[in-house]
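Participant: Just dropping this structure here.
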Amino acid sequence: MEPVLEHAAGAVLLLIDLQRAIDHPSWGTRNNPQAEARVARLLDRWRARGWPVWHVRHDSTEPGSHYRPGQPGHAFKPETAPIAGEPVIAKHRNSAFIGTDLEARLRAGRHAALVVAGVITNNSVEATVRMAGNLGFRTYLAADGCFTFARTDWNGAPRSADEVHAMSLANLDGEYCTVVSSDALLGL
């Protein structure tokens, strides 16, 4: 068993905002088009081993949001949707720890480790991973199990989705989490 898998074995697989809203064209150009397939492989492994799988669902309070309850985009993406018995944690902010009982659930279940995947790398994923690390959870981020979109930086320079994604991973790795591939998590 690879060291990463050994330390991640039995960790909570925490899936962030994998809802249909993320496919709306208004987001622009994304990176990592295979992210959902990689997350589905992680889900298969976690479910086969009976390890905990938790889903975070963004319940936007913004009137025009595709993530707002009642909108088609609020639904989970089918390839990563929860099954019976898997907790769904509803959030209204970017971090899954703000205004939710996520930390209390993790502590009550004596879960010390998380494997995180989902969207958007530099938004909800990054905010959640930073807090997880700060709260003392051993956290792994599946680099190829999340994605983001092209953005313009503070100086007005256009940045590709790959650049935004890579910078977000660099911001997190080592200080807040260990960034790994899904293959490493699967022991391949």
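The values are calculated or read from the model by the stated rules, or taken from the named source; none is laboratory data. Just so it is clear, the structure is predicted and the values come from calculations on it, not from any experiment. Cβ placement follows ideal geometry from the backbone for every residue including glycine, while neighbour counts extend to all protein chains displayed. Accessible surface is based on the protein model in full, side chains and every heavy atom, while ligands, DNA and RNA are left aside. Shrake-Rupley method; radii C 1.70, N 1.55, O 1.52, S 1.80 Å.
Participant: Condition first: exposed (fewer than 14 other Cβ atoms within 10 Å of the Cβ) and within 16 Å of TRP27 (Cα to Cα). Now tell me which residues in segment 73-93 satisfy that.
Facilitator: Selection gives nothing.
Participant: A follow-up question, please. Kindly establish whether GLU62 is among the charged types (D, E, K, R), assigned to a loop (DSSP other than H, G, I, E, B), open to solvent by 10 Å² or more (accessible area, probe 1.4 Å) and farther than 26 Å from ALA184 by Cβ.
Facilitator: Yes.
Participant: Would you confirm whether or not segment 13-36 contains a residue that is basic (Lys, Arg), open to solvent by 20 Å² or more (accessible area, probe 1.4 Å) and assigned to a loop (DSSP other than H, G, I, E, B)?
Facilitator: Checked segment 13-36: no residue is basic (Lys, Arg), open to solvent by 20 Å² or more (accessible area, probe 1.4 Å) and assigned to a loop (DSSP other than H, G, I, E, B).
Participant: Which is out of contact with any Phe, Trp or Tyr (no Cβ under 6 Å at 6 or more places or on another chain), surrounded by 15 or more Cβ atoms within 10 Å (Cβ to Cβ) and not in a helix (DSSP H, G or I), of GLY145, GLY136? First the steps, then the outcome.
Facilitator: Numbers: GLY136 fails: surrounded by 15 or more Cβ atoms within 10 Å (Cβ to Cβ).
Going through GLY145, GLY136 in turn, just one is out of contact with any Phe, Trp or Tyr (no Cβ under 6 Å at 6 or more places or on another chain), surrounded by 15 or more Cβ atoms within 10 Å (Cβ to Cβ) and not in a helix (DSSP H, G or I): GLY145.
Participant: Still on this model: What number goes with the only condition from (1) surrounded by 16 or more Cβ atoms within 10 Å (Cβ to Cβ); (2) not in a loop (DSSP other than H, G, I, E, B) that TYR67 does not pass?
Facilitator: Status for TYR67: all satisfied but (2).
Participant: Determine which member of the set TRP46, TRP54 is surrounded by 16 or more Cβ atoms within 10 Å (Cβ to Cβ), in contact (Cβ under 8 Å) with a residue 24 or more places away in the chain and farther than 21 Å from THR121 by Cα.
Facilitator: Exactly one residue qualifies, and that residue is TRP46.
Participant: Looking at segment 172-188, which of the residues that are buried (at least 16 other Cβ atoms within 10 Å of the Cβ) and without any contact (Cβ under 8 Å) to a residue 60 or more places away in the chain is nearest to LEU43 (Cα to Cα)?
Facilitator: The residue in question is VAL179.
Participant: Which numbered condition in (1) farther than 25 Å from ALA8 by Cα; (2) touching a strand residue (DSSP E or B) at 6+ places or on another chain (Cβ under 7 Å); (3) open to solvent by 50 Å² or more (accessible area, probe 1.4 Å) is the only one that ALA112 fails?
Facilitator: Result: ALA112 fails condition (1) only.
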